[in-house]
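These notes are about the structure you will find just below.
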């Protein structure tokens, strides 16, 4: 159970029937861009509070379970702490914080700026994870391809880029599975990880990465053969079994995004 959740939280898709799952991938991609823009543009305290409430509401509407969110967000805890700490320490100007008779080298404005940056990064991570939790890699690549279709007039290979993106997202869980299988196979043969000096640990990593890399290369070769057998040809048009179409809920989502943007512009700026 835990291993499965850990695999899902790195760009994985969680099947469900929530409102966010039912939206068109293009709607979710546009919404992600709009919300990320407001996350990093809004500076007023009321605006930050409103964005935080909106992000939490979207996370709740995904209906993937708090355990999945916990395992996903805890991976970024050190990154958030480091970013907040660096921004706090190197912030210029402001009034120093006093503890008794001791004057600290950080300022109130620097501490506030670090906390705001940490909050913004956390909101961006939650929004990105909400997209991947509720959208399959195939639908995500199709949505990107449809949104970037005007670039075909500039001779940009949009179709090939979307296929590459789809294969990259598909291979992330496969590489995780290959690594875990290799580690379990090495442990069953008596190899103990995390013991010994630095050189010994580097040798243990070689014993894991080399077989895992060979397994990934075998999978990629099988994938290339299967794509060729199914008639895939770069640059050739491909048909769709279920073309993407906007539903009434998608138009409602666009209207809601426009209302939220207007509120942030005229009320919380």
For region 113-161, what class follows from the C-alpha gyration tensor (a ≥ b ≥ c being the square roots of its eigenvalues): rounded when a/c is under 1.5, otherwise prolate if a/b is larger than b/c, else oblate?
oblate
Using a simple spin-label model with points 7 Å from Cα along the Cα→Cβ vector, what separation in nm is obtained for residue 221 and residue 249?
4.4
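What ranking, highest mean first, results for peptides 17-29, 38-50 when packing means the other Cβ atoms within 10 Å averaged over each residue?
17-29, 38-50
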How far apart, in nm, are two points set 7 Å out from the Cα along the Cα-to-Cβ line at residue 67 and at residue 138?
2.8
Cα-projected label distance for residue 265 with residue 180, points at 7 Å along beta-carbon direction, nm:
4.6
Going by C-beta contacts inside 10 Å, put 142, 149 in order with the fewest on the left.
149, 142
Likely footprinting exposure, 62, 263, 53, fewest C-beta neighbours within 10 Å first
53, 263, 62
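No value in this document is a laboratory result; all are computed from the given coordinates. What you see is a predicted model; the values in this text were computed from it and never measured. Methodologically, a virtual Cβ is constructed for each residue, glycine included, from the backbone with ideal geometry; neighbour enumeration extends over all protein chains shown.
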